[in-house]
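The structure appears below as structure tokens.
The values are calculated or read from the model by the stated rules, or taken from the named source; none is laboratory data. What you see is a predicted model; the values in this text were computed from it and never measured. Methodologically, a virtual Cβ is constructed for each residue, glycine included, from the backbone with ideal geometry; neighbour enumeration extends over all protein chains shown. Each accessible area value is taken on the protein alone, full model and side chains, heavy atoms only, with ligands, DNA and RNA left out. Shrake-Rupley method; radii C 1.70, N 1.55, O 1.52, S 1.80 Å.
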Amino acid sequence: MLAIVFSSPTIAQKSPPAPVSPVLPPAPAPAPAPHHVDLADLLSVAGPFHTFLEYLQKTNVLETFQNQANNTKEGITIFVPKDSAFAALKKTTFANLTQDQLKSLILYHAFPKYYSLAEFNKLSTLNPVTTFAGSQYTLNLTYNMGTIQVKSMWSNPKISSSVYSTRPVAVYEVDKVLLPMQIFKSDPPLAPAPAPAPDAKASDVAPSPTSGKAASAKAKADEKNSSYQVGISIVNYLVLAVSGGLMLLW
């Protein structure tokens, strides 16, 4: 019986080992989506840059800047004037511009490339620098001991602060509006300075005519009263003198 069992080909053959599954390396984690800066949100909370933001939206330049920031390797550098810089110019300065001129003016406030503050020293040696408005619209940069000025034809503002500077977006605050000669043939007039508030009321500074007359009348009355009192004193003195003389005669 044992000989039959061990001689059976089915029992005698060993089962082949089960195939080993290959061990694959873990799949790499998906790359995080790039962080995009929302320029409208940034300008609405910083600044105040409300006037510049309104022009960005009115001319659709905001979409151009946002696309440059999100979809290009070059990035963007934007010079943003504060609201006070626009208020310093006469209101008709921008009211008389055509839509194309206004769009070029806003495009003039940006470079189609990201520049950190440290890069402006080298960039100033390449003057003039072309802006987003085109090859005819250029700016001259000066870098002096850390002070950076951005010169156009009719204005020479300095960079007051860095609002945001992380590649690919740089936003810098300037204290004046950049005014190119291609749009403005002469220096735009400034807004009239507000009249200073009076320090004191007129009645506190100079007496009115009525109060002057009253003061004069009061002075005359006081003078008359003083003269009357002096006259009474003299009469009393004479009466006393006469009375004393009569007493001596008695």
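According to the Cα gyration tensor, what semi-axes, each the square root of 5 times an eigenvalue, does the equivalent ellipsoid of region 39-174 have, listed from largest to smallest in whole Å?
Output for region 39-174: semi-axes of 21, 18, 15 Å.
Could you tell me what percent of the accessible area of region 39-174 is made up of carbon and sulfur, with a 1.4 Å probe and every protein chain present?
For region 39-174, the apolar C and S fraction of the accessible surface comes to 48 percent.
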Once both labels are modelled 7 Å past Cα along the beta-carbon direction, what's the residue 158-residue 117 spacing in nm?
1.3
Quick check for you: which residues of region 70-102 have the amide N under 16 Å from the point 7 Å beyond the Cα of residue 40 toward its beta carbon?
70
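Looking at region 39-174, send over the antiparallel percent of its DSSP beta bridges, to the nearest 5. Mind dumping the intermediate values first?
Numbers: 17 of 23 bridges.
Counting DSSP beta bridges with both partners in region 39-174, the antiparallel share is about 75 percent.
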Given a 1.4 Å probe, the accessible area of region 39-174 per residue, as a whole number of Å², is 50
